[in-house]
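Here is the structure we will look at.
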Amino acid sequence: MTPALALRQVSFAYVNASGERWLVLEGLDVSVMPQTFVALVGPSGSGKSTLLRLMAGLLRPQSGEVLRFGQQLHSPGSVAYMPQRDLLLPWKTVVENAAAGLQARHVPRKQAEQRVRELLPAFGLEGFGEATPDQLSGGMRQRAAFLRTAVLEAEPLLLDEPFGALDALTRADLQRWLLHMWEQMRRTVVLVTHDVDEALLLADQIFVISERPIRHTQTFSVDFPRPRTYEVTLTPDFLAYKRAILVSLQEGRA
Amino acid sequence: MNRYIRSRLFAPLLILALLMLWEAVGRLAHLPPYIVPVPSQIGRALWEDRVSLWENSLTTLGEMGIGLAFSLIVGWSTAVAMVQWRGLAGALYPLSVVSQMIPTLAIAPVLVLWFGYGIWPKAIVTVLLTFFPLVVTTYDGLRSTDPELIDLYRSFGASNARIFWSVRWPYALPHFFSGLKMAVTWAVVGAAVAEWVGAQAGLGYYIQQRSHQFATAGVFAAVVVLALWGLLFFGFITWIERRAVWWAYARPVEWEPEQPQA
Ligand SMILES: Nc1ncnc2c1ncn2[C@@H]1O[C@H](COP(=O)(O)OP(=O)(O)OP(=O)(O)O)[C@@H](O)[C@H]1O
Ligand SMILES: [Mg+2]
């Protein structure tokens, strides 16, 4: 089967004006199979966002190639990408904000907004379609941002720490909600996080990054049955996984 | 009386008090009106010369309008071009700074020499004064857009034009309006000052005439008219701004903390 997303021998570095290189990826191979939920776990500054931006086509590899369903990714605009902050435009309503991506992909405004309105209830935003972002709570803003990305119906869905900025309760809420959403729509997802519990709860596969530059990832297959509930986080298996991942994270640092 | 009305009344009352103080001191000290006219004399000059003040205003406003319109169109386009083509910014930004360094008053006579006593030297002075604030605020505003937001729109596959109109320009609006507010006030003063050097009409010309005749009350009357025009334009732009970029301001409070019981 062709991977929904594949990195082949990808190297990437940031360079400054005096020619210094800050190597982030070196000869990395990664494959994400269609309809799997992949979590990318790693310490801060290890290059997770950079990797995701390469997958989104926002950055171009210095060498190697990024393939989306076997086709080389030349420019952004074919995947669905959600950055860490919600980045809602304060002068637009929830519906207008969430329709912005579709409109940029040449869906007429009426139609785009109609599609968004149909999805409002599923995203817990019913009755807030005409609200402006400053009238929403942090969790609702994040859901609106997620709606803006999800409505694109593009594959894969790349999420950069979507719940990183939220309090623990709201985060648990949204994790449960995302779990439910995903089990219904089954799209290819790559989720960046440094929360191991979140990764274990949601993902089919966890790629652990332990150091920069990233040369390889350690893969864990998480085979908790679906549909999952929060209960899995209390099982001994969950703890065993968690220990293994934490050890793998530690090893890279030693 | 509610807090809002009280805060609105404060400034006018203060001005009124100051005018009364001025009037009282002027009268008690018997200052000659050609040195320090009192407010009532200025008021009379304003009323008696209202037709001439109005006609001269039109001349000044015309000059100012041409200059400001030019600065707006060319300044805005320059700022946009500088943002779209990085290389251009390196060349044009210093140039617009230089335009602000030109001692405008000093070159006004030269402009009169070149373009005569008509409307053009004044319009050019206005341009020299207003171009810089407009270009710099618009450019800085356009550049202040969150790069992550631009990346988000790029990930949508949005064209440069869409990114500009949907994100960059709206986020630049508050900066642009700051520049515009500066520019209109400078424009009124700039046009009047340019008339000083050589003109056949306009508020600057009027001031110069009255001052030669030691009609100091008339000078003050024209100054008052200039200030009123400046205030009017400033207020007008603030009014538009409030409507165009309402989202940049805090919402009016609907819910206030209840007062503690005594
Ligand atoms: N635009 C940039 N220019 C130069 N260096 C950068 C840039 N962006 C990131 N870096 C560097 O590249 C490395 C990887 O950054 P990245 O943002 O991908 O990390 P991350 O794993 O997402 O971290 P976090 O978990 O804190 O978000 C870091 O060392 C960072 O300092
Ligand atoms: Mg990051």
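Hey, what's the per residue convex hull volume over the C-alpha atoms of the protein assembly as shown, in cubic angstrom? Don't skip to the answer; put the middle values down first.
On the way: hull volume 127.8 nm³, N = 516.
Once divided by residue count, the hull of the protein assembly as shown is 248 Å³.
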Check your understanding: Against the longest principal axis of chain B, how steep is helix B:203-212, in degrees 0 to 90 to the nearest 10, with axes from Cα atoms?
Key -> 30
Practice item. Would you kindly compute the Cα radius of gyration of region B:195-251 and its largest Cα-Cα separation (Dmax), both in Å? Key: 17.2, 53
Point to revise | Cα pair distances in region A:167-231, grouped into 10 Å bins until the bin that holds the longest one, percent each | key: 18, 52, 24, 6
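Rounded to the nearest 100 Å², what's the accessible area chains A and B bury against each other, both chains counted, probe 1.4 Å?
2000
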Exercise for review: Hey, for a label at A:E251 modelled as a point 7 Å past Cα toward Cβ, could you say which residues of region A:39-73 have their backbone N under 18 Å away?
Suggested key: A:40-43
Point to revise | Over region B:66-172, equivalent-ellipsoid semi-axes from the Cα gyration tensor in Å | key: 35, 13, 10
Review point. Per the Debye formula with a single identical scatterer at each Cα and no solvent contribution, what log10 I(q)/I(0) holds for chain B at q = 0.07, 0.10, 0.14 Å⁻¹?
Key: -0.37, -0.69, -1.05
Review point. Got a sec? Charge dipole of region B:63-158, +1 on Cβ for Lys and Arg, -1 for Asp and Glu; which of B:A158, B:V97, B:A123 is way out at the positive end?
Key: B:A123
Study note, to complete from the structure: Residue by residue through region A:184-196, the couplings from Karplus 6.51 cos²θ - 1.76 cosθ + 1.60 with θ = phi - 60°, in Hz, x for Gly and Pro, are 8, 9, 6, 9, 6, 10, 10, 10, 8, 7, 10, 9, 4
Point to revise | Fraction in percent of alpha-carbon pairs per bin - 10 Å, chain A | key: 7, 30, 35, 22, 6, 0
**Study point:** Karplus-derived HN-Hα couplings along region B:151-159 (A = 6.51, B = -1.76, C = 1.60, θ = phi - 60°), whole Hz, x at Gly and Pro
**Key:** 4, 4, 5, 5, 5, 6, x, 5, 6
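Accessible area per residue of the protein assembly as shown at 1.4 Å probe, in Å²? Write down the numbers at each step before the final one.
Working: 26620 Å² over 516 residues.
Normalised by residue count, the accessible surface of the protein assembly as shown is 52 Å².
Full extension from A:D237 to A:D29: what is 0.36 nm times the residue separation minus their Cα-Cα distance, to one decimal in nm?
On the way: separation 208, 0.36 × 208 = 74.88 nm, distance 2.85 nm.
My answer for the length gained is 72.0 nm.
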Revision key, fill the gap. Dividing the surface of the Cα convex hull of region B:91-136 by four yields a projected area in nm² of 3.2
Practice item. Compute the FRET efficiency between B:V98 and B:V224 as 1/(1 + (r/R0)^6), taking r as their Cβ-Cβ distance and R0 = 35 Å, and round to the nearest 0.05. Key: 0.50
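Determine one quarter of the surface area of the Cα convex hull of region A:85-153, which equals its mean projected area, and express it in nm² to one decimal. Walk me through the intermediate numbers first.
Details: hull surface 16.3 nm².
Dividing the Cα hull surface by four gives the mean projection, 4.1 nm².
Counting only helical runs of four or more DSSP H residues, what would the 222 nm mean residue ellipticity of chain A come to if each run contributes -39,500 (n - 2.57) and the total is spread over all its residues? Walk me through the numbers on the way to the answer.
Numbers: 7 runs with 86 residues, N = 254.
Helices in chain A give a 222 nm mean residue ellipticity of -10500 deg cm²/dmol.
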Check your understanding: Taking the Cα-to-Cβ direction at B:F70 and at B:Y249 and moving 7 Å from each Cα, how far apart do the two end points lie in nm?
Key -> 3.4
Point to revise | Point-to-point label distance, A:Q114-B:A161, nm (Cα→Cβ direction, 7 Å offset) | key: 2.6
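As an exercise, use a Förster radius of 25 Å and the Cβ-Cβ distance of A:S63 and A:A17 to find the FRET efficiency, rounded to the nearest 0.05. Let's see the in-between values first.
Working: r = 22 Å, r/R0 = 0.87.
Efficiency at R0 = 25 Å is approximately 0.70.
The values are calculated or read from the model by the stated rules, or taken from the named source; none is laboratory data. In this text the structure is predicted, and so the values were computed from the model without any measurement. Positions of Cβ are backbone-derived with ideal geometry, glycine not excepted, and every protein chain shown enters the neighbour counts. Surface accessibility is based on the protein's heavy atoms, side chains included, excluding ligands, DNA and RNA. Shrake-Rupley method; radii C 1.70, N 1.55, O 1.52, S 1.80 Å.
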